[in-house]
1. Taking residue A:29 as the anchor, which lysines have their alpha carbon closer than 23 Å to its alpha carbon, excluding any fewer than eight residues away along the same chain?
2. Considering only A:30, A:64, A:94, give the residue with the highest GNM mean-square fluctuation for chain A, with springs between Cα atoms whenever their separation is below 10 Å.
3. If the elastic network links every pair of Cα atoms under 10 Å, which of A:79, A:58, A:98 fluctuates the most in the Gaussian network model of chain A?
4. Run through the range A:41-89 and list the trypsin sites (Lys or Arg not before Pro) located in a DSSP loop whose Cβ has at most 11 other Cβ atoms within 10 Å.
5. Looking only at other chains, what is the average number of their beta-carbon atoms within 10 angstrom of each beta-carbon in B:4-11?
6. Quick check: the angle from helix B:21-31's long axis to the longest principal axis of chain B, C-alpha only, nearest 10 degrees?
7. Assuming R0 = 25 Å, what is the FRET efficiency of residue A:42 and residue A:17, from their Cβ-Cβ distance, to the nearest 0.05?
8. What is the Cα centroid distance between the range B:40-73 and the range B:1-27, reported in whole angstrom?
2 protein chains.
Amino acid sequence: MLKGHLDAIVLAALEAEPAHGYGIIATIKQGSGNTFDLPEGTVYPALHRLEEAGLLSSAWTTPQGGRRRRMYSLTRAGSAALASRRDAWGRFSQAVDSLLRGSRTWPA
Amino acid sequence: MLKGHLDAIVLAALEAEPAHGYGIIATIKQGSGNTFDLPEGTVYPALHRLEEAGLLSSAWTTPQGGRRRRMYSLTRAGSAALASRRDAWGRFSQAVDSLLRGSRTWPA
DNA sequence: ATATATACCTAGCTACACTAGGTATGGAAG
DNA sequence: CTTCCATACCTAGTGTAGCTAGGTATATAT
């Protein structure tokens, strides 16, 4: 469960270059060292949400002798959103880190 | 949104010493540098869930001239659960980190 | 000819954090 | 002394987001 951080992850996966659904899933799987093997039922609705929100744009393409693919790219708003999500993740993870570490001062 | 990480945070807040609901909220707020100011409607149900699951035990106490408090402590199962949650958090945050960082090799 | 991998889609479920209310008591302010 | 606030607890209901479990279709491999 990625609760709340999926959007950031998907946006980040599209930062380097446009990609299609299956490719995004593969990118996320590899980039996370197999930690995140997301089901399609998670990723496709997320892509639709993000496009609906104007953070992604999509276009159908058909590579030579291949099946049709819907390629997604970051919009300008998407880049901005990614930056802000990265920020939020930084604050969030740092907060959780310090809570799990136990914030009391260590004895000498 | 803490989705999925709340349990770990609450368990960690009780690791050092037993505490009551309000105290736990304050501990989490301070320990996170004010990042997490959790509403009671988030924390109390979580405490009940965790007790139900056997990870916490509770007892009513009434400090001298004070209001009654329900003090929660980690059970042995709670300690074990915390350890495993810490592990899961480590893997999770590392995976998100590398995805948000962009896992491609950097140009020289 | 059949199976497998690729590629996309979505209705509905579930879990869970949160909203928005409620009760009660101790101490401070007036 | 009574009114207000902070402390302290509780829960019914809501919103949502990720996931389950189904479906369609085409290219390649067997």
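The values are calculated or read from the model by the stated rules, or taken from the named source; none is laboratory data. Every value quoted in this text rests on a predicted model; they were computed, and no experiment measured them. Every residue, glycine as well, gets a Cβ built from its backbone with ideal geometry; the counts of neighbours run over all protein chains shown. The protein model used for the area step is the full one, side chains on, heavy atoms only, and it has no ligands, DNA or RNA in it. Shrake-Rupley method; radii C 1.70, N 1.55, O 1.52, S 1.80 Å.
1. Correct list for residue A:29: A:3, B:3.
2. A:64
3. Result for chain A, Cα springs under 10 Å: A:98 fluctuates most.
4. Answer in residue order: A:67, A:68.
5. 3
6. Once rounded, one gets 30 degrees.
7. Once the sixth-power term is evaluated, E becomes 0.70.
8. Cα centres, the range B:40-73 to the range B:1-27: 11 Å.
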